[in-house]
1. For segment 84-90, in order, what is each residue's ³J(HN,Hα) by Karplus, 6.51 cos²θ - 1.76 cosθ + 1.60 with θ = phi - 60°, in whole Hz (x at glycine and Pro)?
2. Any chance you could look up the accessible area of SER36 with a 1.4 Å probe, heavy atoms only, rounded to 10 Å²?
3. Gain in length, ALA21 to GLU88, computed as 0.36 nm per residue apart minus the alpha-carbon separation, to one decimal in nm?
4. Dipole of the chain, Cα-centred, from +1 at each Lys and Arg C-beta and -1 at each Asp and Glu C-beta, to the nearest 20 debye?
5. Under the rule a/c < 1.5 gives rounded, and otherwise a/b versus b/c splits prolate from oblate, where does segment 21-66 land using the Cα gyration tensor?
6. Given an 8 Å cut-off on Cα distances and at least 6 residues of separation, report the relative contact order of the chain as a percent.
7. Helix-derived [θ] at 222 nm for the chain: sum -39500 (n - 2.57) over DSSP H runs of at least 4, divide by residue count, nearest 500?
8. Compute the acute angle (0 to 90°) between the alpha-carbon long axis of helix 16-28 and the principal axis of greatest extent of the alpha-carbon atoms of the chain; round to the nearest 10°.
Amino acid sequence: PFPYTPVTNRASRVGHKTEIAETLMMHLRLLQEGLSHKGFSERFGVELMQLHGETLHRFQHAGLLNIDGEAVRITEQGRLVSNVIFRELI
C-alpha cells in the first residue's frame, strides 16, 4: 500500500514546520514559477508574507528576491547565494 512501493521500504511523517521549510526551498528553486502566495496560503492556512515577510523583504531590497502580487521568485543574483536565503527562512 501507498507509500510503500518496490522502491520505497520506509516512510516517515513530516511535521508542519518541516513541510513549510521544504515547500519554501523547492518552490524558490523554480525560477520562473516561484512560490505562489495563493498556493502557500491555501496549503498552510497562513499568508507567506505574514510568516516570513520581514526576511523576504530584506532579501528583496538586496536584489536577491522578486516579490509581486502572485509569487516570490529568486533572482539570478539570489541563485548564487540561495543557501543563505534558505537558511534564513528555515
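The values are calculated or read from the model by the stated rules, or taken from the named source; none is laboratory data. From a predicted model like this one, the values you see are computed outputs, not experimental measurements. Because the Cβ atoms are built from the backbone with ideal geometry, glycine has one as well, and the counts that use them run over all protein chains shown. Side chains are part of the model used for accessible areas, which takes the heavy atoms of the whole protein and leaves out ligands, DNA and RNA. Shrake-Rupley method; radii C 1.70, N 1.55, O 1.52, S 1.80 Å.
1. With coefficients 6.51, -1.76 and 1.60, one gets 5, 4, 4, 4, 5, 7, 9 Hz.
2. Accessible area of SER36: about 50 Å².
3. Additional length available on full extension: 23.1 nm.
4. With Lys and Arg at +1 and Asp and Glu at -1, about 360 debye.
5. oblate
6. Dividing the mean separation by the residue count of the chain yields 26 percent.
7. Mean residue ellipticity, 222 nm, calculated: -15500 deg cm²/dmol.
8. Approximately 60 degrees, to the nearest ten.
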